[in-house]
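The values are calculated or read from the model by the stated rules, or taken from the named source; none is laboratory data. As the structure is a prediction and not an experimental result, all values here were calculated from the model. A quick note on method: Cβ atoms are made from the backbone with ideal geometry, for glycine too, and the neighbour counts reach across all protein chains shown.
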Amino acid sequence: MIYFVRVSVYLVITICLIMKERRDLSKLILVVDDDEGLQETLQAVLEGEDYEVVIAGDGLAALEKLATVTPALILLDLMMPRMDGFTFALELERRGLRSSIPIIVLTADSRGKQKANQLGANNYLDKPFDIPDLLDKIAQFM
């Protein structure tokens with residue numbers, strides 16, 4: 001009897017862990033931005049809208065995340081340390097991932113629209129931006 005209980009508990013725990021790991025990847029957003037305050041805000045807002053969120057502080061960290069997850073959308077800052085948004089997008093292209101993942105550029109650069117177009121981004125928002133505007137743009141791709 002004790003053996004049966006232990007096996008049952010083990011199975012329940014295993015199933016719970018598997019279900020926890022199963023995420024709806026069609027709602028997974030990769031946020032690539034070095035501003036920790038913005039990271040926290042975006043994570044809270046997006047998770048409140050039932051999106052899954054993965055955070056990366058720069059392009060290199062984002063590439064590391066892409067080794068384990070494939071997001072449905074990337075929110076990308078352009079100016080970051082180690083690897084900027086342009087270099088990250090070029091690396092996505094080199095890996096054959098660029099066409100399958102929409103990118104929304106979030107930038108404080110006064111030439112944001114022009115730079116987003118050069119990058120081949122699907123959309124852009126100037127920082128600071130309104131959350132409803134961001135959610136509308138995200139909804140276009142999700």
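Remarks
- Scanning the stretch 100-128 for residues that are loosely packed, with under 15 Cβ neighbours inside 10 Å and of a type in the set (A, V, I, L, M, F, W, C) yields one hit, Ala108.
- Filter result for Pro128 (in contact with a strand residue (DSSP E or B) (Cβ under 6 Å, 6 or more places away or on another chain) and under 22 Å from Leu46 (Cα atoms)): no
- Among the residues of the stretch 20-30, none qualifies, meaning not one is modelled with pLDDT of 95 or more and among the small types (Gly, Ala, Ser).
- When the residues of the stretch 72-117 are filtered to those that are assigned to a loop (DSSP other than H, G, I, E, B) and within 20 Å of Lys27 (Cβ to Cβ), the one that is farthest from the chain's Cα centre (by Cα) is Leu97.
- Scanning the stretch 118-142 for residues that are part of a loop (DSSP other than H, G, I, E, B), without any contact (Cβ under 8 Å) to a residue 24 or more places away in the chain and closer than 20 Å to Thr70 by Cβ gives Asn122, Gln140.
- Taken over the stretch 50-78, the criterion of being closer than 19 Å to Glu36 by Cβ and free of Cβ contacts under 8 Å to residues at least 40 places away in the same chain is satisfied by Val53, Val54, Ile55, Ala56, Gly57, Asp58, Gly59, Leu60, Ala61, Ala62, Glu64, Lys65.
- Residue list for the stretch 50-95, restricted to those being hydroxyl-bearing (Ser, Thr, Tyr) and within 12 Å of Leu119 (Cβ to Cβ): Thr87
- Thr14 vs. criteria surrounded by fewer than 17 Cβ atoms within 10 Å (Cβ to Cβ), under 22 Å from Phe141 (Cα atoms) and modelled with pLDDT under 95: no
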